[in-house]
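Reviewing the structure listed below.
The values are calculated or read from the model by the stated rules, or taken from the named source; none is laboratory data. Owing to the predicted nature of the structure, the values given are computational and were not obtained by experimental measurement. All Cβ positions, glycine included, derive from the backbone under ideal geometry; neighbour counts span all protein chains shown. Keep in mind that these areas ignore ligands, DNA and RNA; they rest on the heavy atoms of the full protein, side chains included. Shrake-Rupley method; radii C 1.70, N 1.55, O 1.52, S 1.80 Å.
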Amino acid sequence: MLIKKPGDIKSSEITDKKVYLNRRLFMRGAVLAASTVATGFLYRRLLAPEIDLPTPTGKAAPGSQVAPKQWGLPGEEATPYQDITHYNNFYEFGTDKYSPARYAQKLVTRPWTVSVEGLVNKPKVFDLDELTRLFTPEDRVYRHRCVEGWSMVIPWLGFPLAELLKLVEPQGSAQYVVFETANDPKGRGIPQTDALTWPYVEGLRLDEALNPLAILSTGIYGEALLPQNGAPVRLVVPWKYGFKSIKSVVRIKLVERMPTTTWVAEVPDVYGFYSNVNPDVDVLRAQSTEQRIGDWGRRKTQPFNGYAEQVAHLYDGMDLSYYH
Ligand SMILES: Nc1nc2c(c(=O)[nH]1)N[C@H]1C(S)=C(S)[C@@H](COP(=O)(O)O)O[C@H]1N2
Ligand SMILES: [Mo]
């Protein structure tokens, strides 16, 4: 009998791409799980910032009469600006947490337009300045939960996505909203790595997109978004795993059918379109707890990331005991 030793078999012979990717993602999860506690404390020291950052805001200037702004949530402090801007996922610029802060500085964010198109009565290409003139960004402090098992509290600046969608007048047949990240290696300085298939695409059901919690963000801690966080404008859907909150958006399209989004296309047996935060269902790894960046130990993950009251009704009649 011919028995191949493991060493004789190339991984490409015994696994297809999906299984390989699953394993790669699982390994990444395992490494992360083993190192998160250390990571929460050490990464700041391991990473010497190479870029000048705006002074973190939220504190009154020395000698100023203005009271410092309170950015946290009840019982939860906002994650420091340094952490929010140096521990990132932005695969266009590399797959480790520190590459975005280094390499996304090359992202050309001006001029920038966002095209809102598809099944709408009034399609329109918005210049970024026009967007922020039409829709005044407000402070929104949200929990952010990555499917890798870490979380933050981020004081976003943004406006409801619903306001923009209402302006373009969705047609009756529109059921889903598709979002696309810029994909322009020459013009915008986004390298075409082989980490994923570009452009990064995400989507929401129209009623999810119209929920007042869903925002387009243009800033953090009252400062304009830095490239690593998805400048100049990105989606934020706080009740879903972080990968739904697509960065550096150039196109928003209303469509009839559920779109195939980046991570679902990449690893369909791991990720679902909805990807609502659910501590009871494992995705990639157990999702019942999370590491809040900067904290000791792990805390319990909440259903819908703590926003059940605002969004659970969107999923009435859906069996939430498995992953969608
Ligand atoms: N275009 C694009 N958007 C993206 C990603 C990405 O790789 N590319 N990563 C997602 C993931 S996995 C997370 S957790 C959040 C991270 O956002 P932050 O770095 O601003 O915290 O962005 C999401 N949006
Ligand atoms: Mo994520």
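Values for this structure:
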{"quantity": "Computed E for residue 115/residue 314 - FRET, C-beta separation, R0 30 angstrom, nearest 0.05", "calculated": "0.70"}
{"quantity": "Estimated distance in nm for a label pair at residue 324 and residue 302, the labels positioned 7 Å out from Cα along Cα-to-Cβ", "calculated": "2.1"}
{"quantity": "Cα-projected label distance for residue 69 with residue 186, points at 7 Å along beta-carbon direction, nm", "calculated": "4.0"}
{"quantity": "Pairwise centroid distance, computed over Cα atoms, of segment 170-246 with segment 93-146, Å", "calculated": "7"}
{"quantity": "247, 124, 166, ranked by accessible area, largest first (probe 1.4 Å)", "calculated": "166, 124, 247"}
